[in-house]
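Asks: Handing you a structure now.
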Amino acid sequence: MRGRVLLAAALLAGIPSTAQGQRTTTGPMVSGRVFDDITSCPLRGAVLSAVGTSTRTTSDAQGRYYLRGVPGSAFTLQASLNGYATQTSEGVLATDPDTRVDFSLERAPSDSTAKRTAVRYPVAKCVLDRRDSLTTR
């Protein structure tokens, strides 16, 4: 009974519920993973975006990303991360709910005239486990 009273009080106080205050993005979605091309380690913090739109997300610690609200027509998907060359995948069409695009980013060549930025590369050795997903040791 007390739980119902607290819920009612929260609703009356204007605390947003899922239906009221939180923005839910519907529509097509693209997911996948981002890896280092040399070590095959997953890359955290890569920015993935639908070029020409404000739709973007970042990859998690396992390199996974979920980009919701992408255009319903063919678009260019871009992956970028500091210290790596930006990579694009053109003609992505997210009509299937399981549309998956993986990226294997190459480390950017060092340029002695460019501003130097500290980049931390993965130092862990990555191996495939029996479930065919990457883990670190």
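Taken together, the values in this text are just the output of simple stated rules run on the coordinates, not laboratory data. In this text the structure is predicted, and so the values were computed from the model without any measurement. Because the Cβ atoms are built from the backbone with ideal geometry, glycine has one as well, and the counts that use them run over all protein chains shown.
Asks: Report the relative contact order of the range 27-109, percent, no decimals, based on alpha-carbon pairs under 8 angstrom and at least 6 residues apart.
Replies: Details: 212 pairs, mean separation 30.9, N = 83.
Over the range 27-109, the number comes to 37 percent.
Asks: For the range 27-109, build the charge dipole from Cβ charges (+1 Lys, Arg; -1 Asp, Glu) around the Cα centre, then report which of 73, 35, 55 sits farthest towards its positive end.
Replies: Farthest towards the positive pole: 55.
Asks: Continuing with this model, one more query. In a Debye calculation with equal point scatterers on the alpha-carbon sites of the range 27-109 and no solvent, what is log10 I(q)/I(0) at q = 0.22, 0.25 Å⁻¹?
Replies: The Debye formula, applied to the Cα set alone, gives -0.96, -1.20.
Asks: Going by how many other beta carbons lie within 10 Å of each one, how would you line up 73, 80, fewest first?
Replies: The fewest-first ordering by Cβ neighbours comes to 73, 80.
Asks: From the backbone phi of the range 85-90, what are the Karplus-calculated ³J(HN,Hα) couplings (6.51 cos²θ - 1.76 cosθ + 1.60, θ = phi - 60°) in whole Hz, Gly and Pro given as x?
Replies: 6, 5, 10, 10, 10, 8
Asks: Still on this structure, please answer the following. About its Cα centre, how strong a charge dipole does the range 29-114 have in debye, to the nearest 20, once Lys and Arg get +1 and Asp and Glu get -1 at the Cβ? Kindly include the intermediate steps, with their values, before the conclusion.
Replies: Numbers: 7 positive and 9 negative charges, 56 e Å.
Dipole magnitude for the range 29-114 comes out near 260 debye.
Asks: Under a 5 Å amide H to amide H cut-off, with H placed in plane at 1.01 Å, what residues pair with residue 32 once short-range neighbours are removed?
Replies: Under 5 Å from the amide H of residue 32: 65, 101.
Asks: Let me ask something additional. Do any trypsin sites (Lys or Arg not before Pro) in the range 28-86 lie in a loop, going by DSSP, with at most 15 other beta-carbon atoms within 10 Å of their beta carbon, and if so which?
Replies: Values: sites: 33, 44, 56, 64, 68; in loops: 44.
Sites meeting the loop and neighbour criteria: 44.
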